[in-house]
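Scroll down for the structure; my scribbles are underneath it.
Nothing in this text is a laboratory measurement; each read-out follows from the coordinates by a stated rule. Owing to the predicted nature of the structure, the values given are computational and were not obtained by experimental measurement. Here the Cβ positions follow ideal geometry from the backbone for every residue, glycine too, while neighbour counts run over all protein chains shown.
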Amino acid sequence: MANFEARTSAGSGRITVALAGECDLSAREHLTAVLLDALERAKAVFVDVSRLTFLDSSGVHSLITAHHAAKNRGCRIYVVNATGPVAAVLELTGLDALLRAPAEERRHA
């Protein structure tokens with residue numbers, strides 16, 4: 001089982017979900033549940049991946065599931081602070097553009 005953590009914090013009308021460790025199949029259900037819960041509580045959810053060291057298709061699936069749920073609820077989900085291999089996966093899948101926060105929001109994420 002991979003080392004994975006998802007912590008949420010709320011502030012100023014939004015929720016930040018900070019991810020750390022490795023997001024793979026063993027983390028998918030947990031990540032999806034955390035993201036969907038955050039979308040129930042806020043109109044904007046920011047997923048901070050700065051401490052995420054690995055992201056595979058399972059994590060991508062969770063992000064896409066959350067994106068669709070957000071659209072259906074009139075909410076938004078954004079991924080911020082991606083670097084290294086995680087940024088590469090997001091770019092390869094197009095999620096970097098799909099889930100990019102507006103410039104003014106990226107400064108506050």
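Listed values, structure above:
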| item | result |
| --- | --- |
| Simple spin-label estimate for LEU92 and SER26 in nanometres, 7 Å along Cα-Cβ | 2.1 |
| Within the chain, longest stretch clear of exposed trypsin sites (Lys or Arg not before Pro) (DSSP loop, no more than 16 other Cβ within 10 Å) | 44-99 |
| At 0.890 mPa s and 25 °C, Stokes diffusion of the stretch 31-86 via Kirkwood alpha-carbon radius, µm² per second | 214 |
| Equivalent ellipsoid, the stretch 4-106 (semi-axes from 5 times Cα gyration tensor eigenvalues, Å) | 19, 15, 13 |
| Cβ-defined net charge surrounding ALA42, 11 Å radius [Lys, Arg +1; Asp, Glu -1] | +3 |
| Ratio Rg/Rh [Cα only; Rh per Kirkwood] for the stretch 1-51 | 0.98 |
